[in-house]
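Working notes, structure below.
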Amino acid sequence: MHFSFATANNIRFGTGMLAQAVSEAAQLGRRALLVTGRNPDRAHDFGLRLEKAGIETLRFSISGEPEIEQVAAGAVLARQAQCDLVIGFGGGSALDGAKAIAALAVNPGPVETYLEVIGQGQPLQHAPLPCIAIPTTAGTGSEVTRNAVIKSTRHKVKVSLRSPRMLPTWALVDPELTLSLPRGITAATGCDALTQLLEAFVSTKANPITDALCREGLARAGPALPRAAAQGNDLAARTDMALASLFSGLALANAGLGAVHGIAGPLGGMIEGPHGALCARLLPHVIEANIKALSSNKQPRHCALARYAQAARLLTGSPRASMVDGVGWLHQLIRQLDIPGLHHWGLSVEAVPDLVARAQRASSMKTNPAPLTDNEVTEIVLKAM
Ligand code: NAD
């Protein structure tokens, strides 16, 4: 058995933890770029506290999922203002924006130099600026991953800027920050965490540390996600989801993902839909296809099959649940959370062959437990419509 495990230098988790971020930031830099999502008001008080602590604070807002041009503009701003620290405060979009800006601020050339799939994928020459990642959604785990997902409108695809050097310096997770999430965003982002846990659990690169994280994350997310969506002020459910999201990030950064993310990457570049909602619609169909492919390959002992059954028991809380029960539970959850089909976000049947071709080239496909044919991927997408 051989494996390695890397994560952020330091992880702080707990209600009220945001208060600590100011003193941590003061240790790391004196001039910060505070990167937020489309609503910078949520970080208003935090920005004031940074300034009160003597940290000059510039603000930069990412309007949606980060695009190449926004990352480039943020890096120019950080460089011109001689920032020595980047703080991401928001959902995965703000955190990925912050991580990419911290890297590009000190590395030469355009963003594409370092992008996978559509760029040159070159390694970063210099360590990024110190970066503090503070999530306000519970879904992506980006606070502990080594990639930033960036959208290219020109190529109609979302791809990663990935480097072991991009692990944030500090991950600061305060579940209280997620109390304001409305039901739809709670549902979509929570399904992203659930998908990441399930895909990392059956990934071909899973290891004993990621397994332990996935088991714990699944056991928490199963009961907590419906509760957090139904009762947004349930702090215990929010805490479990923040933990499940953190664990999903730790797991995916070290074990990789699978076909759901292989399809969701290009899909997110082709249509405008919340990443977690797209993942949710694909998830049960990918699991069904993987189970079918592994069973028809006459691999009844493939460890992914036993893992799907174990995941079903963890999610449902029933010691007798089977793989099929787990898939049924997921279908029921998606109905309960009112997550619409892919056509709702603008995917047409005509666009499916192009999507399938792009998905087959995605890096996440390589760690899916079963290789899937074009026909199998097409069937998954059509069922998720
Ligand atoms: P997001 O960051 O796009 O935020 C979704 C919405 O929630 C936005 O409108 C935002 O303003 C709002 N919001 C954020 N926090 C809020 C709060 N506390 N209260 C109310 N509203 C709030 O969504 P996301 O799902 O967190 O991130 C999605 C992005 O992350 C995608 O681009 C996805 O590809 C990427 N991602 C990255 C990784 C990684 O490892 N780097 C992993 C998974 C996903």
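Rule-based calculations on the coordinates, nothing more; no lab input. In this text the structure is predicted, and so the values were computed from the model without any measurement. Ideal geometry is used to build each Cβ from the backbone, glycine not excepted, and the neighbour counts take in all protein chains shown.
What distance in nm lies between label points placed 7 Å from Cα along the C-beta direction at Lys383 and Met1?
So the two model labels end up 3.2 nm from each other.
Could you work out how far helix 303-316 tilts from the main Cα principal axis of the chain, as a 0 to 90 degree angle to the nearest 10?
So the helix axis and the longest Cα principal axis differ by about 70 degrees.
Given a Förster radius of 45 Å and the C-beta distance between Val106 and Ala230 as r, what FRET efficiency does 1/(1 + (r/R0)^6) yield to the nearest 0.05?
About 0.50, to the nearest 0.05.
Could you compute the FRET efficiency for Ser296 and Val22, with r as their C-beta to C-beta distance and R0 at 56 Å, rounded to 0.05?
For R0 = 56 Å, the calculated efficiency reads 0.50.
How many nm is it between the label spots at Val352 and Ala72, if each spot is 7 Å from the Cα in line with the beta carbon?
3.6 nm
Counting only DSSP beta bridges with both residues in segment 60-179, what percent are antiparallel, rounded to the nearest 5?
45 percent
Given the DSSP H assignment, sum -39500 (n - 2.57) over each helix run of at least 4 residues in the chain and divide by its residue total; what's the result at 222 nm in deg cm²/dmol, nearest 500?
Per the formula, -16500 deg cm²/dmol.
Taking every DSSP beta bridge that has both residues in the chain, what percent is antiparallel when rounded to the nearest 5?
25 percent
Relative to the longest principal Cα axis of the chain, at what angle does helix 374-384 sit, 0 to 90 degrees, rounded to 10?
With rounding to tens, the tilt is 80 degrees.
Starting from the exponent 0.38 and prefactor 2.2 Å, build the expected Rg for the chain from its residue count and divide its actual Cα Rg by it.
0.94
If you line up the long axis of helix 275-296 against the longest principal axis of the chain, both from Cα atoms, how many degrees apart are they, to the nearest 10?
That works out to roughly 40 degrees.
Tell me, what is the FRET efficiency for Thr153 and Ser322 to the nearest 0.05, using R0 = 45 angstrom and their Cβ-Cβ distance as r?
For R0 = 45 Å, the calculated efficiency reads 0.55.
How high is the relative contact order of segment 140-182, in percent, with contacts defined as C-alpha pairs under 8 Å that are six or more residues apart?
37 percent
Determine which lysines satisfy two conditions relative to Lys366: a Cα distance under 23 Å, and not lying fewer than 8 residues away in the same chain.
Lys151, Lys156, Lys158, Lys205, Lys292, Lys298, Lys383
Using a 10 Å cut-off on Cβ atoms, rank the peptides 37-45, 146-154, 251-259 from the highest mean neighbour count down.
251-259, 146-154, 37-45
So how much slack lies between Gln82 and Ile209, counting 0.36 nm per residue of separation and subtracting their Cα-Cα distance, in nm?
Here the answer is 41.8 nm.
What range in the chain is the longest one free of chymotrypsin sites (Phe, Trp or Tyr not before Pro) that are in a loop by DSSP and have at most 16 other Cβ atoms within 10 angstrom?
6-385
Which is farthest toward the positive dipole end of segment 33-95 among Pro66, Val76, Gly54, measuring Cα position about the Cα centre, with Cβ charges +1 (Lys, Arg) and -1 (Asp, Glu)?
Value computed over the given set: Gly54.
Using a Gaussian network model on the chain with a 10 Å cutoff between Cα atoms, which of Val22, Val71, Val349 fluctuates the most?
Val349
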